[in-house]
Amino acid sequence: MGKGNGNGNGNGNGNGNGNGNGNEVGTGADNPSVFATGAGAGTGTGDAPGSKWTADLLILDHLPKEFFQLGPQELHQLFPGPTLIRLLSSQRPWFFVSTLLHGNETTGLKALQQLLMEYGSNLPCSLLLLIGNPAAAAQGLRSLPGQLDQNRIWADGALLATSWAQALLKEVLAHQPMAAIDIHNTTGRGEPYSVITHLNAEHMFLAREFSSNVVHFREPHTTLVNALGEHIPSVVLECGPSEGDEKRKDHLLHYLKALFSRSNIGQTSLVEPGLHLFESQARVFVGGRFAFGPQGSGGLSLDPDLDLNNFKLLAAGQLWGTYESRKDFEFLVRDTQGQDVTAQYFDLSNGEIRVRKPFVPSLITTSVPAAQEDCLCYIMKRI
Ligand SMILES: [Zn+2]
């Protein structure tokens, strides 16, 4: 799923979306109204002005009004696969915003729905809006079963060439946006923070305006901001957990509102007072039989409150989990070169996993699927 949508002529997606006439449109008429009145994707008319398919990417030049009425699990009715919506506001610079690359991370969508509703036809900027994985969102999943993580498809020649990612990058960079914002949620508990792949003043501006906690990383190098960050100021906004906190959505909303009204990107020093800048050093992977909480006989039982340690300096000796047999599970720390550095950070002995030397973790998850699909956490160093 998420593949096999028609391109060129013929829609072939089986969803009744009227995209299939193959007309190539430009970047859109200078349409002050961003809201379509029904023509377009989702109407099943077979004739959608201002829409086209490139690879498996649907590109629209309007925002269907149904966009505002659909929750993350229903959005696929409108956008069956990855969709880029181009909203041109005359003489205003472009910004690129991505949400739902991970289908179960929904704060970005909710904030953008509210913000675009507030703007109505008075967009303060031109906007390229990516809805990354609505098919996974429909099922409340990060990615569909068997599907590659959609935030790990943005590099490595052959992979890029065979996916919609290449079409998206080409389209976005052609518009020379002032900045790229990729919005995510964490599965573990924790406060919002920013992530950048390039250490310079403009990237830092985007990050610092969102949070005083900023993580710099290069690996995994296959993320969207790795690819875009080569060309334009880019940031990942980690908004904390998807559910349960309106304050986090409002925080994001205020950030986006302030950003979209700017005519240039500011500059923030990498050594600004109050800034906590971390470098990702390694990732912790778990596999085999493990659970957060009691595992029963065999396997690894990890502390279910592990995520309360995000962005805290951990003391040597802290207990992370207990086990009966090393044969039942894997617990591995790899540095950015892929080397096994488990013994530097953890002591696995006498049926216990304990921190060996102090470090600061981020993105700790206490979700088994998230830990399996990505990793248990990142290990960071203050820089
Ligand atoms: Zn994510």
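The values are calculated or read from the model by the stated rules, or taken from the named source; none is laboratory data. Since the structure is predicted, the reported quantities are computational estimates derived from the model, not experimental observations. Please note: Cβ atoms are built from the backbone with ideal geometry, for glycine as well, and neighbour counts cover all protein chains shown.
If I filter the stretch 342-351 for residues that are crowded, with 21+ Cβ neighbours inside 10 Å and aromatic (Phe, Trp, Tyr), do I get at least one hit? Yes, some residue in the stretch 342-351 is crowded, with 21+ Cβ neighbours inside 10 Å and aromatic (Phe, Trp, Tyr). Within the stretch 243-256, not a single residue is within 20 Å of residue 374 (Cβ to Cβ), at pLDDT 95 or above and not charged (D, E, K, R). Taken over the stretch 67-95, the criterion of being closer than 20 Å to residue 251 by Cβ and either at pLDDT below 95 or among the aromatic types (Phe, Trp, Tyr) (or both) is satisfied by 95 alone. Every residue in the stretch 323-341 that is farther than 22 Å from residue 280 by Cα and either within 30 Å of the chain's Cα centre (by Cα) or crowded, with 17+ Cβ neighbours inside 10 Å (or both), please. Matches in the stretch 323-341: 323, 329.
The strands (runs of 3 or more DSSP E) found wholly in the stretch 190-304 and carrying at least 3 residues that are over 20 Å from the mean Cα position of the chain (by Cα) occupy 276-288, 290-292, 300-302. Under the condition of being of a type in the set (A, V, I, L, M) and within 18 Å of the chain's Cα centre (by Cα), the residues counted in the stretch 342-383 number 5. Could you pull out the residue among 134, 124, 145 that is touching a strand residue (DSSP E or B) at 6+ places or on another chain (Cβ under 9 Å) and of a type outside the set (D, E, K, R)? Only one candidate qualifies: 134.
For residue 131, the test of being β-branched (Val, Ile, Thr) and either more than 23 Å from residue 220 (Cβ to Cβ) or touching a Gly at 6+ places or on another chain (Cβ under 8 Å) (or both) is failed.
Take the residues in the stretch 87-129 that are within 16 Å of the ligand (Cβ to nearest atom) and among the aliphatic types (A, V, I, L, M), then tell me which one is nearest to residue 147 (Cα to Cα).
Residues of the stretch 87-129 that are within 16 Å of the ligand (Cβ to nearest atom), as a first pass: 97-112.
If we keep only those that are among the aliphatic types (A, V, I, L, M) too, we end up with 97, 100-101, 109, 111-112.
Details: 97: 23, 100: 15, 101: 12, 109: 21, 111: 27, 112: 26 Å.
Here the answer is 101.
Among the criteria (1) at pLDDT 95 or above; (2) aliphatic (A, V, I, L, M); (3) under 24 Å from residue 195 (Cα atoms), the one residue 138 does not fulfil is (3).
Among the residues making up the stretch 156-175, those that are more than 16 Å from the ligand (Cβ to nearest atom) and modelled with pLDDT of 90 or more are 164, 166, 167, 168, 169, 170, 171, 172, 173, 174, 175. Just one of the listed residues (185, 213) is more than 16 Å from the ligand (Cβ to nearest atom), assigned by TED's automatic domain parsing to the domain that holds residue 237 and not basic (Lys, Arg), and it is 213.
Go through 336, 366 for me and flag whichever is touching a residue at least 12 places away in the same chain (Cβ under 8 Å), touching a Lys or Arg at 6+ places or on another chain (Cβ under 7 Å) and among the β-branched types (Val, Ile, Thr).
336
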